[in-house]
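Single-structure report; data block below.
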Amino acid sequence: MAEFRDVVAGTAAVERAGGGGPVVFETQGVAIQDVATAALVWHRYLRHDSPGSNSL
């Protein structure tokens with residue numbers, strides 16, 4: 001499990017199931033953190049060049 005600050009900083013090390021499985025995000029019920037995380041992921045997705053790639 002990664003700390004929120006590491007996710008936002010882009011330094012979180014995330015192990016993927018089987019080397020290419022999905023990354024699971026578990027919400028902790030703090031709405032502002034959930035919104036900030038969703039916005040960060042969405043913006044990184046929009047900037048990504050390869051639509052088929054799993055990396056953000």
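The values are calculated or read from the model by the stated rules, or taken from the named source; none is laboratory data. Not measured: the values here are computed from a predicted model. With ideal geometry, Cβ positions are generated from the backbone for all residues, glycine too; neighbour counts draw on all protein chains shown.
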inquiry  = I need a count of the residues in the stretch 29-56 that are modelled with pLDDT of 85 or more, within 16 Å of Ala12 (Cα to Cα) and loosely packed, with under 10 Cβ neighbours inside 10 Å.
reply    = 0
task = Just one of (1) exposed (fewer than 10 other Cβ atoms within 10 Å of the Cβ); (2) modelled with pLDDT under 80; (3) at negative phi trips up Arg5, so point out which.
result = (2)
